[in-house]
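Beneath this line is the structure, given in structure tokens, with notes to follow.
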Amino acid sequence: GNSVTQMEGPVTLSEEAFLTINCTYTATGYPSLFWYVQYPGEGLQLLLKATKADDKGSNKGFEATYRKETTSFHLEKGSVQVSDSAVYFCALISGGSNYKLTFGKGTLLTVNP
Amino acid sequence: NAGVTQTPKFQVLKTGQSMTLQCAQDMNHNSMYWYRQDPGMGLRLIYYSASEGTTDKGEVPNGYNVSRLNKREFSLRLESAAPSQTSVYFCASSGGGPGQVYNEQFFGPGTRLTVL
């Protein structure tokens, strides 16, 4: 079956530091990959996505590249802000999953001023 | 557009009580989902509805029932609440239907349920 493994947190950084959150996956077929963000007390919002190998998703300064050879979709940002403090979820959906998203367990990021 | 709305936002129940969580979307999406979120567990799919008139079990369906009332609304019912059902519940929708499996899911703000 499908599964997503992301680095365990919490991750604590200072403002303007570089961020990497690792995500690897196993899936049947050719999945689409997503990063969702959950701000405190809110629901999940799509941050970025990539639908095929070598695609790069980007949004709000965050980037992730779909690497089929390493089955990875690591999230990066060059300079984090306090407002980026949130929980980040890596997720995938594949043709064999009948429209269902498979989520990683989430990584809590705290950015200090 | 309101997107995905959920009611109530908060609820406290006693063991054995029943309740229904309501979800509605105004994006004309075919598919709707119910998840629960527990610390350290990420999100787990309870039930989903790929299209109006169909529902299927997800990863953790025991103790829950669902109704896809129409294309807009998808409710989750707890017939006899248990403390293990204390969680945050999220509804989501997507345009995905037959032949459209990769559309993103849009989430509601969540219902925080405590069962005493």
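If a residue must be part of a strand (DSSP E or B), at the interface with another protein chain (Cβ under 7 Å from one of its Cβ atoms) and of a type outside the set (Ser, Thr, Tyr), how many such residues does segment B:39-54 contain? Residues meeting the conditions: 3.
A:Ser85 meets all of the listed conditions (1) hydroxyl-bearing (Ser, Thr, Tyr); (2) within 14 Å of chain B (Cβ to nearest Cβ); (3) touching a Leu at 6+ places or on another chain (Cβ under 9 Å) but one, namely (2).
Does A:Pro31 satisfy being in contact with a strand residue (DSSP E or B) (Cβ under 9 Å, 6 or more places away or on another chain) and farther than 25 Å from B:Ala50 by Cβ?
Values: in contact with a strand residue (DSSP E or B) (Cβ under 9 Å, 6 or more places away or on another chain): yes; farther than 25 Å from B:Ala50 by Cβ: no.
The answer is no for A:Pro31.
Among the residues in segment B:99-110, are any in contact (Cβ under 8 Å) with a residue 24 or more places away in the chain and more than 9 Å from chain A (Cβ to nearest Cβ)? No, segment B:99-110 contains no residue that is in contact (Cβ under 8 Å) with a residue 24 or more places away in the chain and more than 9 Å from chain A (Cβ to nearest Cβ). Regarding segment A:20-34, can at least one residue be identified that is at pLDDT 95 or above, at negative phi, within 9 Å of the chain's Cα centre (by Cα) and surrounded by fewer than 19 Cβ atoms within 10 Å (Cβ to Cβ)? The answer is yes; a qualifying residue exists. Is it the case that segment A:7-20 has a residue that's part of a strand (DSSP E or B), touching an Asp or Glu at 6+ places or on another chain (Cβ under 6 Å) and polar (S, T, N, Q)? Yes, some residue in segment A:7-20 is part of a strand (DSSP E or B), touching an Asp or Glu at 6+ places or on another chain (Cβ under 6 Å) and polar (S, T, N, Q).
Restricting A:Ala91, A:Ala53 to those that are among the hydrophobic types (A, V, I, L, M, F, W, C) and crowded, with 17+ Cβ neighbours inside 10 Å reduces the list to A:Ala91.
Going by what's in this entry, would B:Tyr35 be described as hydroxyl-bearing (Ser, Thr, Tyr) and within 23 Å of B:Leu116 (Cβ to Cβ)? Yes.
For segment A:64-93, taking the residues that are part of a loop (DSSP other than H, G, I, E, B) and touching a Gly at 6+ places or on another chain (Cβ under 8 Å), the one that is farthest from A:Glu15 (Cα to Cα) is identified as A:Tyr66. Of all residues in segment B:5-46, those satisfying the criterion of being closer than 14 Å to B:Gly63 by Cα, among the aliphatic types (A, V, I, L, M) and either out of contact with any Lys or Arg (no Cβ under 8 Å at 6 or more places or on another chain) or touching a residue at least 60 places away in the same chain (Cβ under 8 Å) (or both) are B:Met19, B:Leu21.
The values are calculated or read from the model by the stated rules, or taken from the named source; none is laboratory data. It should be emphasised that the depicted structure is a prediction, and the values quoted were computed from it without experimental measurement. Because the Cβ atoms are built from the backbone with ideal geometry, glycine has one as well, and the counts that use them run over all protein chains shown.
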